[in-house]
1. Answer with one residue from A:Ala490, B:Leu165, B:Ile248: the one whose Cα lies farthest towards the positive end of the charge dipole of the protein assembly as shown, charges on Cβ with Lys, Arg +1 and Asp, Glu -1.
2. Taking 22 Å as R0, compute the FRET efficiency from the Cβ-Cβ separation of A:Leu502 and A:Ala476 and round it to 0.05.
3. My understanding is that a pair violates if its Cα-Cα distance is over 19 Å; which of A:Lys223/A:Lys308; A:Lys307/A:Lys361; A:Lys361/A:Lys441; A:Lys223/A:Lys553; A:Lys450/A:Lys521 do that in this structure?
4. Report the one residue of A:Met71, A:Asn56, A:Thr159 whose Cα lies farthest in the direction of the positive end of the charge dipole of segment A:54-262 (charges on C-beta: Lys and Arg +1, Asp and Glu -1; origin at the Cα centre).
5. Along the charge dipole of segment A:54-262, which of A:Val131, A:Ile233, A:Thr104 sits closest to the positive end, that is, farthest toward it, with unit charges on the beta carbon of Lys, Arg, Asp and Glu (+1, +1, -1, -1)?
6. What FRET efficiency comes out for A:Ser313 versus A:Met352 if R0 is 25 angstrom and r is the Cβ-Cβ distance? Round to the nearest 0.05.
7. Per residue of B:226-238, what is the mean number of Cβ atoms on other protein chains within 10 angstrom of that residue's Cβ?
8. Going by how many other Cβ atoms sit within 10 Å of their own, how do B:His281, A:His332 line up, fewest first?
Amino acid sequence: MTTGTEQVVEAEIETAEAGKNESFDGAIADTDKNESTTEHHHGPAKGISRWFFTTNHKDIGSMYLWFSLTMFMVGGCMALMIRTELFQPGLQFIQPDFFNQMTTMHGLIMVFGAVMPAFVGLANWMIPMMVGAPDMALPRLNNWSFWILPFAFSIMLMTLFMEGGGPNFGWTFYAPLSTTFAPPSVTYFIFAVHMMGISSIMGAINVIVTILNMRAPGMNMMKLPLFVWTWLITAFLLILVMPVLAGVVTMMLMDIHFGTSFFSAAGGGDPVLFQHIFWFFGHPEVYIMILPAFGIVSEIIPTFARKKLFGYSSMVYATSSIAFLSFIVWAHHMFTVGLPLAGELFFMFATMLIAVPTGVKVFNWVATMFRGSMTFETPMLFALAFVVLFSIGGFSGLMLAIAPADFQYHDTYFVVAHFHYVLVPGSIFSIMAATYYWLPKWTGNYYNEKMGKIHFWLSFIGINITFFPMHFVGLAGMPRRVPDYALQFADFNAVATVGAFLFGFSQLLFIYNVVCCIRKKNQASKQVWEGAHGLEWTLPSPAPYHSFTKPPKVD
Amino acid sequence: MDSQTQDYQEYYVPTQSYFPIVASVSLFFLAFGAGSVLTAAENTGDMGMIMLLTGFILLFFIIISWFSKVAAESRDGLYSAQMDVSFRWGMGWFISSEVMFFAAFFGALFYIRVFSVPWLAGEGDKGISNMLWEGFVNQWPLMTTPDPSLFKGPAQVVDPWHIPLLNTILLISSSLTLTLSHKALKLNNRTWTSIWLAVTVVLGAVFLYYQVLEYHEAYTELGLTLSAGIYGSTFFILTGFHGFHVTIGTIMLLCILVRVLEGEFSGKKHFAFEAVAWYWHFVDVVWVGLFIFVYIL
């Protein structure tokens, strides 16, 4: 069962009532002052130290989410610079080297700074509430996972101002571009990646331990909300691949500064080895950015279709299968690098297999909606757009999976269109859907529904105008990562730039809506959404500072 | 349902703590300092070294205070049985991530030996790359690199049947002595716990001594260096990171020994001991992999 099943989730929360009328920005009072006198049960500390020293999963979740929003804006500005330069053929605004730095940093910031922290933030906020835990299992480690990130990204952004400029080798930092021909700042980049890896691994350990060990009595694994399930599997992926990323950047560091020849054929190494190791990390990484999105959508659709999720257990198995397959498909990113024929075939067929569990998911969502009493609030709109547009991204992925066809598509804008379709209306839309969906629970107030819908439609139209034309220019042969292009691509590029600005600026509406929701009092009920099921909806809105100091009983 | 609070010991959620933020600052100093030192940026001067040192000092300080705090909390009985399970899962998955870290380097080694070196020598599917350096021959250990003017191959490699064999014996016996120590601790026999633990620490230290000796010999006599082509690269990154882990492990064992001597741990409750033991056994298993795939084969 996930949200909305015949199984009734009944929680006995002694802590629930006290915090009901507290405002979000005011001190949320001690929710169980009557129960316990131990020192660790009080509300948030006053002032800035609350955020530096906190061990509270909600504080940490909020910090992750604000950090992610900041990075989303920074990375978005870089994207707009890219699109501005590409508005017309020829070089107008920025130099090619700076253009390369922008594409590189845009990718790195969006992947490691925007999408991943947003999901970790959601995990922090929701997982303890969803499984009936008092907090994350290892609260201090949790805070450390967060605080590494601002420092890591400071280093990363500082590289832009260093001699020789910032990283300009693409977010995949292929050797030898990132070793022999890299700017000196690559060393800082490597250490920043190490720091992000430490953060992700500790965050993932925390998620796994919380889910495996902190569930309320009666909350067995097959009763876990799907968001929790997908995050559990995501956390396993993180633990298994982030160290590999750390390994590969370490080898880069050794090649650059200590004379080794891992990625230099002159010493017996191989630049292609870099790509193998990188994509062994990189392919699970893209599922790290989509599996929690699957979980979110699987929470939202049943709520607004007012039916229980169709095929709960098949969703769990499909997610696990996708996670397993993600480890044996990495070389489909490298079809044109000169793989042996057997390799091309194996990775082509293995990649196509992923369509099976993914299809299971899409059909399950559609079947959930079938004959449901649907309403279309903002979270549902984003979730629906997710299902449709993510599927488009999935289909273009299937096209790219066909090795002989990929020889044509490789490194063109078709690839850019593909992964932006899975990441923007995929991951980003799911994050927005989740924000709108749980915002009343976090803040205690309803957001402005009308503004939310306008935000949705502007974003929906914006991203389609931005990314759909990229399919066409890509199929026609426009290469990616170039600041200038042939004249025949001019019209579609101009259209894409207009769409990008529309999408970018409509996000200001999102920020405005969130800020208003935090400040204005428009008291949300405990239940928030009529059709919502799950432990988090048994807590008052806003959720008290400490969720379940005594575990609720789940029948 | 009745409120089932009777036999539930509250899960300990620590109060505010400055450890995480200071630890993050220390990582920032370490990363930025190391970056400055390595790129030798003129405008930073000695700043890089100062930052690096500051980072180390902060990190050292945080590690000591954080672990002391956890030990103190444990002594104060704040940790429930559920917390114990959290620590177990946490350590277990941390070690899994370490396994994957080494897997990246082992994977590189296997790829080099199975694909890239044979291909460069004209064998197999992509043997056409032999045109880059005609006459390059596939051999392992790779004594002659494709371009010896850039990467001069080693003159000799380490003989597995001398120091490495000795080190294998040392590490495997250390796992054994550690298990004996654990068994003694379970029986609350503190004398034998400390004795076997001390023996383990000594074995680890002797291993490290021989490892340093081996490196010294490699650099001064065998011509086996980091820049000796791909053999040197894989050899040093694998044995180097392993040696680093043994160093950390030995220090951790030493800390546990001190805590045992101070009378901490009981036969029933001694997770810190077990966590370090798990880590030590993991390091041991990695060594067996190294001995087989780096030294012998």
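1. My answer, from the dipole projection, is A:Ala490.
2. With R0 = 22 Å, the Cβ-Cβ based efficiency is 0.40.
3. Flagged as over cut-off: A:Lys361/A:Lys441.
4. So the residue furthest toward the plus end is A:Asn56.
5. Most positive-ward Cα: A:Val131.
6. 0.55
7. Other-chain Cβ atoms within 10 Å of each residue's Cβ, averaged: 6.
8. Details: B:His281 16, A:His332 23.
Ascending number of Cβ neighbours within 10 Å: B:His281, A:His332.
Where a number appears in this text, it was derived from the coordinates with a stated rule and is not lab data. Please read these numbers as outputs of a predicted model, since none were measured by experiment. FYI the Cβ positions are ideal-geometry reconstructions off the backbone, even for glycines, and counts take in every protein chain you see.
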